[in-house]
Amino acid sequence: MGTRSRRLCAALIAFGLAGVVLPGPGWAGTSFIPIPEIVTDPNEGDTYGILGVILFTDENDEIRYMMAPDVSYNETKGVYPVFRLFAYPSPDRRYSVTLGKSTTKDENYELEFSDRGFWDQRAFDAASFIYERDSTERFYGLGNESEEDRESNYTGNLTRALGSAGVWILPYVNVAYEMRIERYSIGRGQVDSIPFVQTEFPGRTAQDRFDATLYWAHHAGIAYDTRDSTDIPTEGAHSQLYVEGASPWLGSSTWFVKFGVNWRQFIPLWNGNPILALRAVADYMTAGDDTPFWELNSLGGRRSLRAFGGDRFIDLNRTLAGGELRTRVWQRRLFGVNAEIEVAPFVETGKVFPQLADNPVNHLHWAYGVGFRGIARPQIVGFVDVGAGSEGVAVFTGVNYPF
């Protein structure tokens, strides 16, 4: 559960203040870009640091490898050095490595691989592994009206392995299967100004249980996809129907069934600039009473309802809708690559609720804001999003589009 933070600003190459283009043996160009880090997260607080980005480009000025080590300081997490490597050996294949350990509890180790050109581009596969410990996680209780003054803190300990494969059955239709093996537990957090979750929520029944859980979950979906790009789409649509399940009979701690639909549409305006990006999500779930809160659906954070901290609202079901106007305002060759800056005003709304029959569009929470994106085509996007809502202002950074 939680933010599972990736504060990487490496993709924000358009925001760099200084850069040196260096010759590289075997490469058309090698660029070094120092970038100051200033991050404000509703859960993590203020973070300051320095990020050094090294880009390796080919003869077409496309990025093939990117190293992005950084050192940051946060009052709660302490000094946090992280090493990152991103590789794009072909337009369809990529992998990444992240290794980070703070001077306190926090740590993050990730491996990711994906190939969308498998079997002569008729199939795709992906795999990932993550071990993360985050001492700034929050829980406010369950429900769409969970109270802000019941904020509590804990450390989330996550170990997860994912594997997926899919095949195109029609030119724009694919089916996919994903397997998830995940262990999650909680411990005492490091934010001393708010209570520990087990102190604020001492109950040990229903969804208030705090035991460690292990899930072996299976996910199947069918998708319709007409986007012109997976990473930086400018037109087309993507929609998916899915179902996911886990059971103690197959080794999971509790049982649940999840199902839902998500839809995204990208509409080019005025000769392709700006791009109107829209999305709508409905996620439903039925589960045993002992299924913990970290396995339920949630809203809040850098990918959903961007005016609230990660997992601000939690319950069995959720709906989310929104859009943003991605407008290119600057473009030039910078640091050996073709860089762009986008400005994207956005609006989002959503809610969580306990019953399948509940009205999915009343008592909505709203987020309004503007996003700033640095882009290096064909695959790199970094964002800074500033959102405002009923609980104040939030600022998020990350890589890839929020949706």
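Annotations
- Rounded to the nearest 20, the size of the Cβ-charge dipole of segment 247-312 about its Cα centre is 460 debye, with Lys and Arg at +1 and Asp and Glu at -1.
- Candidates THR98, THR226, THR199, ranked by Gaussian network fluctuation over the chain, Cα under 10 Å, top entry: THR199
- Accessible area of the chain belonging to carbon and sulfur atoms, whole % at 1.4 Å probe: 59
- All other residues whose Cβ lies under 11 angstrom from that of ILE50 are scored, Lys and Arg at +1 and Asp and Glu at -1, for a net of -2.
- Straight-distance crosslink candidates among lysines, where the alpha carbon sits under 25 Å from LYS77 and sequence neighbours closer than 8 are dropped: LYS101, LYS105
- Most mobile of LEU269, LEU142, LEU55 in a GNM of the chain (Cα contacts under 10 Å): LEU269
- Loop trypsin sites (Lys or Arg not before Pro), segment 121-192, which have at most 12 other Cβ atoms in a 10 Å radius of their Cβ (DSSP): ARG122
- Summed residue charge, Cβ within 13 Å of PRO345's Cβ, Lys/Arg positive, Asp/Glu negative: -1
- Projecting the Cα atoms of HIS238, VAL347, PHE256 onto the dipole axis of segment 224-349, where Lys and Arg carry +1 and Asp and Glu carry -1 at the beta carbon, places VAL347 farthest toward the positive end.
- Counting Lys and Arg as +1 and Asp and Glu as -1 over every other residue whose Cβ lies under 14 Å from the Cβ of ASN297, the net charge comes to -1.
- Springs between Cα atoms under 10 Å define the GNM used for the chain, and in it the highest mean-square fluctuation of GLN198, GLN121, GLN379 occurs at GLN121.
- Using the 1.4 Å probe convention, the accessible area of the chain works out to 43 Å² per residue with neighbouring protein chains retained.
- Its Cα centre serving as origin, the chain has a Cβ charge dipole (Lys and Arg +1, Asp and Glu -1) of approximately 660 debye.
- Over segment 120-276, equivalent-ellipsoid semi-axes from the Cα gyration tensor in Å: 36, 22, 15
- Residue-averaged 222 nm ellipticity for the chain, from DSSP H runs of 4+ at -39500 (n - 2.57), nearest 500: -500 deg cm²/dmol
- Where (1) 5, 22, 29, 24, 15, 5, 1, 0; (2) 5, 26, 36, 24, 8, 1, 0; (3) 5, 21, 33, 29, 11, 2, 0 are the candidate values, the label of the one calculated here for P(r) over Cα pairs in 10 Å bins from 0, in percent is (3).
The values are calculated or read from the model by the stated rules, or taken from the named source; none is laboratory data. All values reported here derive from a predicted model rather than from experimental measurement. No Cβ is skipped: glycine too gets one built from the backbone with ideal geometry, and neighbour counts run over all protein chains shown. Quick note on the areas: whole protein, heavy atoms, side chains included, nothing else; ligands and nucleic acids left out. Shrake-Rupley method; radii C 1.70, N 1.55, O 1.52, S 1.80 Å.
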